[in-house]
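One structure below.
The values are calculated or read from the model by the stated rules, or taken from the named source; none is laboratory data. Just so it is clear, the structure is predicted and the values come from calculations on it, not from any experiment. Note: ideal-geometry Cβ built from the backbone for every residue, glycine included; neighbour counts use all protein chains shown.
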Amino acid sequence: MAIGYLTMQARTAHDALPLSGVQVTVLDDEQNRIYELTTDVSGETRRVSLETMDKGYSQNENFTGTPYVTYNVLAQAEGFESVYVADIPIFDGESAHLPLVLVPMQGQERNGIQTEITVGAPAVAMEGEREPEGFFQGGESGQVLRLVAIPNPITVHLGTPDGAASNVQVSFPDYVKNVASSEIYPTWPENALRANIYAIITFALNRVYTEWYRAKGYPFDITNSTAYDQAFIYGRPIYDSISRIADEIFNEYVRRQGQQAPYFTSFCNGTTTTCRGMSQWGTVTLAGQGYTPLRILRYYYPDDVEIVETNIITNMISSYPGTPLKVGSTGLDVQTIQTYLKRIRQNYPAIPVITDAAGTFGDSTRAAVTKFQSIFGLAADGIVGKSTWYKLSSLYTAVTRLAELNSEGINLGIGTVPPAAVLRQGSRGQDVITLQYLLDVISEYYPDIPAVTQDGIFGAGTKQAVTAFQSRMGLTPDGIVGPATWNALYRTYQGIGQNVPSPNPDPAPDTGGGSFAYTVKSGDTLWLLANRFGTSVDAIKRLNSLTGDNLQIGQVLQIPTGQSSSYFDYTVRSGDTLWLLANRYGTTVDAVKRLNGLASDNLQIGQVLRIPT
């Protein structure tokens with residue numbers, strides 16, 4: 001038989017934290033154990049070989065059997081709910097990467113539920129109606145955005161529009177990879193894959209641009225129902241051939257010449273179902289005849305469609321400079337990626353230390369880039385092109401956000417006793433800020449709970465997050481925060497602190513470094529303090545001669561600082577001012593300005609500031 005490959009990746013908090021030591025079992029369809037694996041320091045297992053069908057079957061539209069072999073995976077880790085992924089298709093010569101989305105158990109819970117995911121056959125092999133409604137030209141829509149922007153993240157409803165299902169938020173490139181892996185076979189010719197991925201990207205951007213669902217009051221951008229949109233299976237494996245193309249073209253889309261709106265690129269398999277859009281199997285035939293991706297698209301859509309690029313990506317703190325960075329490159333863009341890699345390395349210690357001068361792309365920068373690419377499934381060439389730049393930017397945002405949330409929790413004084421207030425839409429005040437902070441932290445680890453704005457106002461967005469949390473925890477989803485919801489919020493928050501491993505910052509040198517005194521407040525833990533101040537639990541315990549993890553309110557700890565650890569990085573958000581930040585973090589406006597070389601009080605969203613500890 002032919003051979004395919006499978007790798008498992010256990011990470012949490014939007015990839016910000018790898019989970020090492022996860023026990024992974026690969027089973028066949030009769031539940032026989034084939035492999036017993038353990039994830040490494042980057043949260044990844046070794047690649048394993050699995051028997052499957054010859055790829056010729058998956059390239060033949062007339063083959064009526066199943067052109068692959070399916071396997072199952074069970075993942076278990078102490079302090080986390082287990083995950084069982086069933087019916088994973090393995091294709092000849094293809095490497096599949098399975099993300100293991102583990103969520104922390106609540107509080108002291110040790111008998112968590114098991115999340116079960118069924119992957120099954122790609123949509124191209126299914127029968128059923130596929131004639132979704134949509135706007136072929138943006139001007140026909142009653143509500144359109146001004147610009148075509150990549151939604152990062154995109155919110156996906158896991159069911160029909162009116163169905164009672166969860167919403168999940170994922171990065172747009174990951175969404176595209178998931179849909180392509182859920183729709184078609186990864187063994188198809190490259191031009192067929194590209195044509196299909198262009199159609200997938202454009203279909204989603206059309207939904208976003210026309211606000212197809214949000215204009216109707218739905219809190220999501222698109223569904224995963226093939227009767228309405230395109231297939232998406234949260235937690236499914238992604239194939240290398242698809243991943244490589246999606247990373248390259250995720251911000252390119254199809255439009256008609258002279259128009260801005262993404263064209264409504266509907267499609268179906270073209271065999272058991274037909275539609276007025278593109279035939280998925282037809283793209284294979286055309287690619288075999290030498291058609292380019294654009295020529296394939298013009299075969300099914302109007303002759304004047306073109307492929308264009310948008311560089312507007314929401315929630316990105318910096319845009320790709322337009323030119324790949326490699327050995328010999330110099331300047332601010334090089335310094336930016338070095339800063340990103342240094343911070344990411346605290347969470348992914350397998351990335352080697354960069355010893356090149358700031359702003360100089362030398363051999364050590366190339367080594368760090370190459371390892372980063374290898375960990376995250378990018379072409380490991382040591383060159384920072386578009387796909388590597390945006391993955392670095394996205395991951396840097398994720399790891400710094402966790403550090404910011406930890407710092408905020410300390411300053412909010414989150415303790416062990418929940419507030420007594422009953423909160424509902426319209427409530428305001430400090431208890432609402434506490435609620436919003438808890439939801440914000442939990443949303444990092446529970447993908448079906450949306451993040452909220454911490455503004456102290458219980459609005460529609462906060463109610464949506466509360467309702468999602470209540471549904472996730474088996475509570476009455478009424479959007480009202482009473483004792484049962486408060487207790488569940490605190491148990492979940494405490495479970496994160498107890499079960500999620502802390503990052504691995506570079507240890508401060510034993511000599512030449514310093515420390516500062518810190519008085520323990522309600523809610524403090526060693527894990528939270530280590531994350532806030534860029535050190536490690538072991539370093540704090542060693543400096544203070546602690547033998548356990550318990551802390552007492554009022555206890556004075558010495559917090560270690562390295563030669564350059566008297567500050568932490570903070571990414572500016574909407575509403576931030578120097579005065580607010582100085583008060584929040586117990587410093588002064590002048591100290592922040594002096595440390596960052598600021599000449600004025602103006603801040604930019606996405607700007608990275610050094611905050612004195």
Have a look at Gly282, Gly328, Gly270, Gly288 and point out the one that is in contact (Cβ under 8 Å) with a residue 12 or more places away in the chain, more than 27 Å from Thr210 (Cβ to Cβ) and over 32 Å from the mean Cα position of the chain (by Cα). Gly288
Considering Tyr253, Tyr218, Tyr234, Tyr213, which residue is surrounded by 24 or more Cβ atoms within 10 Å (Cβ to Cβ) and either of a type in the set (Lys, Arg) or in the same structural domain as Asn152 (by TED's automatic domain parsing) (or both)? Tyr253
Which of (1) touching a residue at least 24 places away in the same chain (Cβ under 8 Å); (2) in contact with a strand residue (DSSP E or B) (Cβ under 7 Å, 6 or more places away or on another chain); (3) not in a loop (DSSP other than H, G, I, E, B) is the odd one out, the single condition Asp431 does not satisfy? (1)
Looking for whichever is over 24 Å from Ile245 (Cβ atoms), outside the structural domain of Pro153 (by TED's automatic domain parsing) and either part of a loop (DSSP other than H, G, I, E, B) or of a type in the set (Lys, Arg) (or both) here; the options are Asp356, Asp381. Which one fits? Asp356
Of the criteria (1) touching a Phe, Trp or Tyr at 6+ places or on another chain (Cβ under 9 Å); (2) modelled with pLDDT of 95 or more, which one Gly159 fails: (1)
The one condition in (1) among the β-branched types (Val, Ile, Thr); (2) surrounded by 23 or more Cβ atoms within 10 Å (Cβ to Cβ); (3) under 17 Å from the mean Cα position of the chain (by Cα) that Thr400 fails to fulfil: (2)
Give the residue, chosen from Thr70, Thr66, Thr39, that is touching a Gly at 6+ places or on another chain (Cβ under 9 Å), among the polar types (S, T, N, Q) and over 30 Å from Tyr493 (Cα atoms). Thr70
Mind checking which residues of the range 6-15 are closer than 16 Å to Thr187 by Cα and either charged (D, E, K, R) or outside the structural domain of Ser49 (by TED's automatic domain parsing) (or both)? none
Taking the range 183-200 and the residues there that are of a type in the set (Ser, Thr, Tyr) and assigned to a loop (DSSP other than H, G, I, E, B), the one that is surrounded by the fewest Cβ atoms within 10 Å (Cβ to Cβ) would be Thr187
So which of Val168, Val119 ends up being within 24 Å of Ala451 (Cβ to Cβ) and either at pLDDT below 80 or of a type in the set (Val, Ile, Thr) (or both)? Val168
Evaluate the range 252-270: report whether one residue or more is of a type in the set (Val, Ile, Thr) and in a loop (DSSP other than H, G, I, E, B). yes
Kindly indicate whether any position in the range 45-59 is touching a Pro at 6+ places or on another chain (Cβ under 7 Å), in contact (Cβ under 8 Å) with a residue 40 or more places away in the chain and in a loop (DSSP other than H, G, I, E, B). yes
Flag if Tyr348 is under 24 Å from Arg11 (Cβ atoms), outside the structural domain of Thr7 (by TED's automatic domain parsing) and buried (at least 21 other Cβ atoms within 10 Å of the Cβ): yes
Hey, among Ala367, Ala350, which residue is over 21 Å from Asn311 (Cβ atoms) and not in a helix (DSSP H, G or I)? Ala350
Counting only residues in the range 1-58 that are among the β-branched types (Val, Ile, Thr) and farther than 28 Å from Pro349 by Cβ, the one surrounded by the fewest Cβ atoms within 10 Å (Cβ to Cβ) is identified as Ile3
Unique match (being among the acidic types (Asp, Glu), modelled with pLDDT under 95 and not assigned by TED's automatic domain parsing to the domain that holds Pro18) among Asp363, Asp431: Asp431
Condition set touching a Phe, Trp or Tyr at 6+ places or on another chain (Cβ under 8 Å) and crowded, with 20+ Cβ neighbours inside 10 Å, scope the range 470-491, selection farthest from Val103 (Cα to Cα): answer is Thr485
For Ala180, indicate whether it is among the small types (Gly, Ala, Ser) and touching a Ser or Thr at 6+ places or on another chain (Cβ under 6 Å). no
Only one of these conditions is not met by Phe203: (1) buried (at least 24 other Cβ atoms within 10 Å of the Cβ); (2) within 24 Å of Thr118 (Cα to Cα). Which number is it? (2)
Being over 19 Å from Pro99 (Cα atoms) and part of a loop (DSSP other than H, G, I, E, B): is that true of Gly21 here? no
Looking at Arg146, is it surrounded by 21 or more Cβ atoms within 10 Å (Cβ to Cβ), over 29 Å from Gly288 (Cα atoms) and either without any contact (Cβ under 8 Å) to a residue 40 or more places away in the chain or charged (D, E, K, R) (or both)? no
